[in-house]
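The structure under discussion appears below in the form of structure tokens.
A short reminder: the numbers here are calculations on the coordinates, not readings from a lab. Given the structure is predicted, the values throughout are model-derived calculations rather than measurements. Methodologically, a virtual Cβ is constructed for each residue, glycine included, from the backbone with ideal geometry; neighbour enumeration extends over all protein chains shown.
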Amino acid sequence: MVEDSRISGFYKLSREQRVAKLKELTGVSDEDLKPLINPGKVDMEILDHMIENVVGSMTLPLGIATNFQVNGKDYLVPMAIEEPSVVAAASNAARMTRKYGGFTAVDTGSHMIAQIQAVGIDSPFAAKHDILMEKERLIELANEQDPILVRFGGGARELRVRVIDSKVGPMVITEVIVDTRDAMGANAVNTMAEALAPEIEKITGGRVLLRILSNLADLRLVRAKATFDKEMLGVEEVVDGMIAAWAFAEADPYRCATHNKGIMNGIDAVVIATGNDFRAIEAGAHSYASVGGYHSLTKYEKDRDGNLIGTIEIPMAVGLVGGATKVHPVARASIKILGVNTSLELAHVIASVGLAQNAAALRALAAEGIQKGHMALHARNVAATAGAKGEMIDIIAKRLVEERNIKVERAKEILEELADKQA
């Protein structure tokens, strides 16, 4: 557990110094950090068994977001992402919340939905009644499929049935609500749905087609809140501008798509770092945002002192057991750095990062334009692409930003100029 996630000047340290500081603060061992620091050394035998047709691996930069305090506990947050400015922005926004206690987060539990689709039923509403009459037996059968989950306090909790109209006629959809505890739960709920399918056919006289989980995990919501200090944001006009920018997203789906994408910049980066399924999280987030008309996953208001209050509500189906989270050594190292003990604690942190990332983006838009900070970091990538090494990267990047000409061709010209001077 990290006692204090504030690290002054962390970004100024060399990579080696950052690693040393990380070890000092978290107590994570050299052995645990080895695959994270040198991902090219991850055992290909492990990767070969994760997916099919493996030929290699794709490495993303993994940074540490600082300053996060969630429900009174400090976290150093691993984020795997290729986009510049995301880690720095999340860290800076988190710093602005600490005066008021950081982030608070609550959840609705770890429940997933398994759906069983039945078609070709003459009397669908009567079939719904008949299925519900067998509810207790069906729940018991579902739980027989995963005795380990039941032993850990999880398992099928409820069963509900809906009749829906479709282009091919009415369908009877049986939904099993499963508490998956510290697992994301896809395998568990899919197995239960498979087991119940023959029973649904017997009860209804229909034919079962799909039996699979839903990624619209609206029974697995996380809500987080934070107060962002108005003085650190700048002036009160910046707070007003941020609220106006959020209101634009609420009113217009074209803006809202980019607004929510900014939230997912932070969320996906942590989800990837911890070996969770970022496609499932993306699907759940955007489908939840579409309920009742596409809207922002965050809300912003001012308190009586003029500070900015932000909240987020988002499905967060992540796990600590099973899948890449347990298999991939970088994911295991990320979990150790975080120091989370349950999937819900992890979900609280991830939602808080999403809120911080969104607030940082709104501040940049309202105060200085998103490109200023982003382009400064992008200039370093351009300098490196042009062939610059070491401190030369920062020298050339500074020139590119000053000239407002962040292009590889110009970076190469500057590099040649500097090389001629040193010759």
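Among the listed values (1) 128; (2) 185; (3) 120, the one matching volume of the Cα convex hull per residue in Å³ as calculated from this structure is (2). Between helix 278-290 and the chain there is an angle of about 80 degrees, using the helix long axis and the longest principal axis of the Cα atoms.
Shown is the FRET efficiency for K23 and S123, computed with R0 = 60 Å from the Cβ-Cβ distance and rounded to the nearest 0.05: 0.35. Helix 343-367 and the longest principal axis of the Cα set of the chain meet at an angle near 50°. Computed over Cα pairs, the Kirkwood radius of segment 24-144 leads via Stokes-Einstein (0.890 mPa s, 25 °C) to a diffusion coefficient of 121 µm² per second. Pairs from the table (K99/K407; K99/K336; K302/K407; K12/K299; K23/K407; K23/K421) lying more than 30 angstrom apart at Cα are K99/K407; K302/K407; K12/K299; K23/K407; K23/K421.
Considering all C-alpha pairs of segment 111-214, those separated by over 22 Å amount to 25%.
Charge dipole (Cα centre; +1 on Lys/Arg Cβ, -1 on Asp/Glu Cβ; no other charges) of the chain amounts to roughly 560 debye. Assuming R0 = 56 Å, what is the FRET efficiency of N381 and D165, from their Cβ-Cβ distance, to the nearest 0.05? With a Förster radius of 56 Å, E is 0.65.
Placing unit charges on each Cβ (+1 for Lys and Arg, -1 for Asp and Glu) gives segment 92-250 a dipole about its Cα centre, and among V176, Q117, A127 the Cα reaching farthest toward its positive end belongs to V176.
Cβ crowding within 10 Å, taken as a proxy for footprinting-reagent exposure, orders D268, D394, D43 from fewest neighbours to most as D43, D394, D268. Listing H286, H259, H111 from fewest to most neighbouring C-beta atoms within 10 Å gives H286, H111, H259. A crude spin-label estimate for the pair E417 and K99, with each label 7 Å from Cα along the Cβ direction, gives 4.2 nm.
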